[in-house]
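The structure appears right after this line, and notes come after that.
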Amino acid sequence: MTVSGLDTSPELVQPRRASGPARSLSLDIIAEAVVEIGFSEASITAVAKQLGVVHGALYRYIGDRNGMMAAAVEKATSEFSWPELSGDWKAVLLDESAAWWEFCGKHPGFVGELASVGMSPSMRRRTLEVSLHLHSCGLSALDSIMALDLVMDTIHDIFNRSKQRERVIQQILQLPQEEAAGYLDGLPDGITEVIINALIGDPWPWFVNKLELFIDGIEHRLSLAGTA
């Protein structure tokens, strides 16, 4: 579409921006904007608006949306303060679990993007470093990799299902009291509390219980091998 000879196609119209020099663009600047907006809210249009440019200007640097999100995944993971790898395998596994939980909580929507863009170079380096440390602490090559893989998969699954969890909580809270009680009638002592905590309780303690059960399994395996 043209007005008085000017091209006003949507992709070429400059959004209003504050006065001052135009902001230079780079893949790193675009990735930073994604992290600032948040993975769950970031889109090419939203990032362009954040940077004060037309969204078509971004494609020179990102290729497509996946390229933009991959750069943001790398930026977020490379700039996060991961814990020092020291101590025995159990301490490292607990510290790394807490760090990944903090990271995913800090970056809503991050986990969902991994299915599309995969692990960033920084993520691959970190997981390799942790696995090598676990191996140096006495875990087998297989167990050192599987231990971290299980921790990350469990955390990612919890954060990936956060919206589903919110819907379940709302459905439970909206049930008539008698109907809700009917689902739990006749259950053994203690089971009711566990089920309620699993459904609507704080997910962090539930995850820690899973992790402790997993660690107990590793300790048992090591004891059988005589290396605990």
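What to note about this one:
- Look at segment 52-80: where a residue is outside any helix (DSSP H, G or I) and a partner is buried (at least 17 other Cβ atoms within 10 Å of the Cβ), sitting 6+ places away or on another chain with Cβ atoms under 6 Å, you get Phe80/Phe103.
- Among residues of segment 31-48, those that are surrounded by fewer than 17 Cβ atoms within 10 Å (Cβ to Cβ) and either in contact (Cβ under 8 Å) with a residue 12 or more places away in the chain or under 20 Å from Gly118 (Cα atoms) (or both), counted: 5
- Residues that are in a helix (DSSP H, G or I) and without any contact (Cβ under 8 Å) to a residue 12 or more places away in the chain, drawn from segment 81-97: Ala91
- Of all residues making up segment 60-94, the number that are crowded, with 17+ Cβ neighbours inside 10 Å and more than 19 Å from Ser122 (Cα to Cα): 3
- Members of segment 109-139 found to be in contact (Cβ under 8 Å) with a residue 60 or more places away in the chain and out of contact with any Cys (no Cβ under 8 Å at 6 or more places or on another chain), listed by number: Gly109, Gly112, Glu113, Gly138, Leu139
- The residues in segment 166-208 that are more than 21 Å from the chain's Cα centre (by Cα) and at pLDDT 70 or above can be counted, and the count is 14.
- For Ala18: the one exception among (1) in a loop (DSSP other than H, G, I, E, B); (2) modelled with pLDDT under 95; (3) touching a helix residue (DSSP H, G or I) at 6+ places or on another chain (Cβ under 8 Å): (3)
- Checking Ser144, Ser162 one by one, the residue that is under 29 Å from Glu102 (Cα atoms), modelled with pLDDT under 70, surrounded by 13 or more Cβ atoms within 10 Å (Cβ to Cβ) and not β-branched (Val, Ile, Thr) is Ser162 and no other.
The values are calculated or read from the model by the stated rules, or taken from the named source; none is laboratory data. This is a predicted model, so every value here is computed, not measured. Methodologically, a virtual Cβ is constructed for each residue, glycine included, from the backbone with ideal geometry; neighbour enumeration extends over all protein chains shown.
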